[in-house]
Amino acid sequence: MSDNDKPKREALADQRINQKDTEGACKLLFDLIVEYAREKNFVKAEALHEKLYETDPMALTEIVRSSEIIEEEKSESLDREHIEIWSKLYEPLSTAEGNALYYLMKSKKFQSGEPIMEQGKLNSRLYFINRGEVKALFNQGGKENLIKILGVGDIVGQEPFFSATVCTVSMVPLNSVKATYLETDVLKKWKEEVPALESKLYDYCLKNDSVKKELAGKSIERRSDKRVNLSGTVVFQLLDKAGKPTGKGYKGELSDLSAGGISFIIKSSKKESVRMLLGRRLKISFNLPMKHNTYHKVEQLMTVIAAQPQVFDDYSIHLKFDTKWAQRMIEDVDPSRLAVKPDQE
């Protein structure tokens, strides 16, 4: 059959699978995978590679070789300008990891003044700047502070992408910006296919976070409210779309309190579930220890602004009050005593 008869050859492969002729089916599938890969039709090549594995998991020669051909063809079609800009990022990656990173990126253009991300808002994308310049800004007390001008080869959005927080700074283009980006859902996909890629990308971002370095160098304190370390138990419930508590209450271990909000620790082995708390509304209940051996009952609706991984499956959940507390309330807290559940005193 000619090369233009691929659909017929796929149908023939299915027919041989139904007839239990796995050897003949595998031969047809292997040839089709190679042809589709060399035509750069990777979606089709990978779908047939999956079918090849399902047809005969022990056809190792065909499975391994066809996978290698797909990766080789992917590597040859990479954007060389992109690879040159991000050479230090791709350098430690295997061929499969480099392809997984590159082929899951999407492109987006921004015009001057069009925000890439805004302080205090949600963002699920990690941006790679390929062209143009971006202002990193921090708003404090109504005053906009310029942190740094970013350009080609800089990455934007590391903190919310890896740590599940709202944006702590704003990123605004100075001129026309061309960028590629990743969505957070790629992390789950990589876990199965290229498990080491997330840690390699994280390490690169950590070493090349110029905004964080600039903030540290300028000693800019982004927290506007003094925090009081606090221990004890807090009970929280998720709110539904109507703003009503739903399901049972969960317990957390309080970490600290400020006029602007609280943070507490929960334990979970499911990273994706914890990330889903970001931006959600919760009902928070606990008895706050005050001076003079009294307790103040706290029962408030709050918004999750960060869900950061700690050690041993612990996560630090940070929440923001709708309205700030008066500072004198914070000053009357007795951190030497434990906060307790609503039914305890």
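Of all residues in the stretch 154-165, how many are over 19 Å from Trp86 (Cβ atoms) and either touching a Leu at 6+ places or on another chain (Cβ under 6 Å) or assigned to a strand (DSSP E or B) (or both)?
Residues that pass the stated criteria total 2.
Quick test for you: out of Val311, Val228, Val304, pick the one residue that is among the β-branched types (Val, Ile, Thr) and in contact with a Pro (Cβ under 6 Å, 6 or more places away or on another chain).
Of Val311, Val228, Val304, the one residue that is among the β-branched types (Val, Ile, Thr) and in contact with a Pro (Cβ under 6 Å, 6 or more places away or on another chain) is Val228.
Taking the conditions exactly as written (out of contact with any Asp or Glu (no Cβ under 8 Å at 6 or more places or on another chain) and of a type outside the set (Lys, Arg)), does Leu93 satisfy them or not?
Yes.
In the stretch 1-29, which residues are over 40 Å from the mean Cα position of the chain (by Cα), assigned to a helix (DSSP H, G or I) and modelled with pLDDT under 90?
Matches in the stretch 1-29: Asp3, Asn4, Asp5.
Name the residues in the stretch 46-71 that are over 21 Å from Asp21 (Cα atoms) and surrounded by 14 or more Cβ atoms within 10 Å (Cβ to Cβ), would you?
Selection gives Glu46, Ser67, Ile69, Ile70, Glu71.
Here is a yes/no grid of residues against (1) in contact with a strand residue (DSSP E or B) (Cβ under 7 Å, 6 or more places away or on another chain); (2) in a strand (DSSP E or B):
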| site | (1), (2) |
| --- | --- |
| Leu137 | yes, yes |
| Ile147 | yes, yes |
| Val152 | yes, no |
| Thr168 | no, no |
| Met171 | yes, yes |
| Asn175 | no, no |
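Give the number of residues within the stretch 224-244 that are outside any strand (DSSP E or B) and hydrophobic (A, V, I, L, M, F, W, C).
2
Which of the residues that make up the stretch 312-329 are in contact (Cβ under 8 Å) with a residue 60 or more places away in the chain and either under 16 Å from Gln300 (Cα atoms) or of a type in the set (Ser, Thr, Tyr) (or both)?
Within the stretch 312-329, Ser316, Ile317, His318, Lys320, Phe321, Lys324, Trp325, Ala326, Met329 meet the criteria.
Of the residues that make up the stretch 277-298, is at least one at negative phi and touching a helix residue (DSSP H, G or I) at 6+ places or on another chain (Cβ under 7 Å)?
no
I'm trying to understand the selection: among the residues of the stretch 192-205, which are in a helix (DSSP H, G or I) and either crowded, with 18+ Cβ neighbours inside 10 Å or at pLDDT 90 or above (or both)?
Matches in the stretch 192-205: Leu197, Glu198, Ser199, Lys200, Leu201, Tyr202, Asp203, Tyr204, Cys205.
With the requirement that a residue be at pLDDT 90 or above, assigned to a loop (DSSP other than H, G, I, E, B) and not polar (S, T, N, Q), what does the stretch 245-278 give you?
Within the stretch 245-278, Ala259, Gly260 qualify.
Out of the residues in the stretch 307-319 that are crowded, with 16+ Cβ neighbours inside 10 Å and out of contact with any Phe, Trp or Tyr (no Cβ under 6 Å at 6 or more places or on another chain), which is nearest to Ser269 (Cα to Cα)?
Tyr315
Condition test on Tyr53, is it without any contact (Cβ under 8 Å) to a residue 40 or more places away in the chain, in the same structural domain as Leu206 (by TED's automatic domain parsing) and touching a helix residue (DSSP H, G or I) at 6+ places or on another chain (Cβ under 9 Å)?
Judged against the criteria, Tyr53 is not a match.
Going by what's in this entry, would Thr180 be described as assigned to a strand (DSSP E or B), at pLDDT 90 or above and in the same structural domain as Lys88 (by TED's automatic domain parsing)?
Taking the combined requirement at face value, the residue satisfies it.
Only one of (1) closer than 23 Å to Asn123 by Cα; (2) under 19 Å from the mean Cα position of the chain (by Cα) fails for Asp313. Which number is that?
So the condition that Asp313 fails would be (1).
Let me spell it out: the conditions are (1) without any contact (Cβ under 8 Å) to a residue 60 or more places away in the chain; (2) surrounded by fewer than 18 Cβ atoms within 10 Å (Cβ to Cβ); (3) within 23 Å of Lys270 (Cα to Cα), and Phe162 meets all of them except one. Which number is the exception?
Unmet condition: (2).
The values are calculated or read from the model by the stated rules, or taken from the named source; none is laboratory data. This is a predicted model, so every value here is computed, not measured. We place every Cβ from the backbone using ideal geometry, glycine too, and count neighbours over all the protein chains shown.
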